[in-house]
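Below is one structure, written out as structure tokens, with a few remarks after it.
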């Protein structure tokens, strides 16, 4: 076994800048195998969906190109992760494997299986923290508990935690010639992806980050809820796939300074907050974090309403615009996510897991911790301290899309309706029949009354 050879298993950290496992491998070994395994278990679990598969293909191609510019290459395999990592380690005669830590129950099981298999062969597994987050789960905890259940006190402690310094990308990577690889996939091989899906890869992520810090950050506090203005960073897919480092994002935003930096960093902290909740309560990926003893409408009873929601034909324009954006881009504005989730769980009184699954089927940034726990926050079964709040889609549409431009962009049936009247098309009188836009699936007052009865708030 050769101590001068190390394997680095890439998972959700598809970058060369600020990559602690890769840096440690290069510091300790003369040759390194950068490895990515297409995990069949991810496909079997339903997480290998077209939008994320296409974005992943971009990321892998970009990672391979970056490694080749440094004299290396990416090794790609498919199958069971543990079996493929052990095969590559044996082919390279590597003494160790390095990987970034993750928080899901699936990742923990994979890590333990990999550790046992490698140790049986006399090899070591090194798991690196603070690769996929800025502050690791468990790094800050409240007195008497293993995690924070409320964001504000967490954020105060998180803000005072000292971050490590970001690492530069390596100058050279030497890969053993004897290790074989499959071809790097391309997005053109992926059928069923959203037509407006963004481009992936570290180079694109760093380009977008630089442009955002230069021209978007300062206005972020005032414009982050502006649906039509589309003034958010759109960096979430790059954070999900790890083409950008959360540590570097926090450090660069703080250096830029100002209210925009503070607001943006707060959003990055939410991402870490959800990870420390999921690390402590892995069952929250599918079970209520705080049960409200909901008796959600059955899938049969709510079938037509659920389909109308999925298709963006609920009769509430801002909801339909957001759902159509999701289908077209594989992404949705954060305010749209809040509104569509509130509408499904509280106005239609449908189980949050139905919505969370649909989002995971389409979102390019679909992430178990963020997706599931944000859905629970909106549904009132998660960490929200006001679990019975209901967002009114008409009032919210008027507030966050006051001129109706967002709705007209995504709901062409309403393109000729002027101004804020677009948020209440049922009031258009004689013009109504010619539009071809559906009636509301439920009156807001009726939906609110049903929800209050269900939660015992009559």
Report summary line: The FRET efficiency for residue 303 and residue 4, from their Cβ-Cβ distance with R0 = 60 Å and rounded to 0.05, is 0.50
Query raised in the report: Using the per-residue mean of other Cβ atoms lying within 10 Å as a proxy for protection, in what order, highest first, do the peptides 435-442, 361-368 fall?
Result: 361-368, 435-442
Requested in this report: Find how much the distance from residue 109 to residue 161 grows on full extension, using 0.36 nm per residue of separation minus their present alpha carbon separation; answer in nm with one decimal.
Outcome: 15.9 nm
**Report entry** Relative contact order for the stretch 2-131, counting Cα pairs under 8 Å that sit 6 or more residues apart, in percent
**Finding:** 34
Report task. At 7 Å along the Cα-to-beta-carbon direction for both residue 389 and residue 206, put a label point, then send me their distance in nm to one decimal. Result -> 3.9
**Report entry** Relative contact order of the stretch 286-379, defined on C-alpha pairs under 8 angstrom at six or more residues apart (%)
**Finding:** 28
Report task. Under 1.5 on a/c is rounded, so check that first for the stretch 94-169, then, if it is not, pick prolate when a/b is larger than b/c and oblate when it is not; a ≥ b ≥ c are the square roots of the alpha carbon gyration tensor eigenvalues. Result -> oblate
Query - Acute angle (nearest 10 degrees) that the helix 105-120 long axis makes with the longest principal axis of the chain, alpha-carbon atoms - result: 10
Query - Cα→Cβ-extended label distance, 7 Å offset, between residue 287 and residue 120, nm - result: 3.0
Query raised in the report: Once both labels are modelled 7 Å past Cα along the beta-carbon direction, what's the residue 143-residue 127 spacing in nm?
Result: 3.0
**Report entry** the chain: angle of helix 368-379 to the longest principal axis, Cα-based, in degrees nearest 10
**Finding:** 20
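Please work out whether the stretch 294-397 counts as rounded, prolate or oblate from its C-alpha gyration tensor, where a ≥ b ≥ c are the square roots of the eigenvalues and a/c under 1.5 means rounded, while otherwise a/b larger than b/c means prolate and anything else oblate?
Numbers: a/c = 1.22, a/b = 1.08, b/c = 1.13.
Rounded.
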Report task. Measure nothing but the geometry: give the 0 to 90° angle between the long axis through the Cα atoms of 246-256 and the longest principal axis through the Cα atoms of the chain, rounded to 10°. Result -> 70
Query raised in the report: What shape does the stretch 2-131 take by its C-alpha gyration tensor, where a ≥ b ≥ c are the square roots of the eigenvalues and a/c under 1.5 counts as rounded, a/b above b/c as prolate, and the rest as oblate?
Result: oblate
**Report entry** Residues of the stretch 208-250 with amide N under 17 Å of the 7 Å Cα→Cβ point at residue 399
**Finding:** 221-229
Query raised in the report: What do you get for Rg/Rh over the stretch 177-311 if you use C-alpha atoms and the Kirkwood form of Rh?
Result: 1.06
Query - the chain, relative contact order [Cα under 8 Å, separation at least 6], % - result: 17
Query raised in the report: Taking the structure as given and computing Cα Rg over 2.2 N^0.38 Å, which label from (1) 1.19; (2) 1.03; (3) 0.94 fits?
Result: (2)
Report task. Would you mind getting me the FRET efficiency between residue 91 and residue 40? Use the beta-carbon distance for r and R0 = 22 Å, nearest 0.05. Result -> 0.65
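The numbers here are math on the coordinates, done by the rules we state, and not lab data. It should be emphasised that the depicted structure is a prediction, and the values quoted were computed from it without experimental measurement. Quick reminder, even Gly has a Cβ in these numbers, built from the backbone with ideal geometry, and neighbours come from all protein chains shown.
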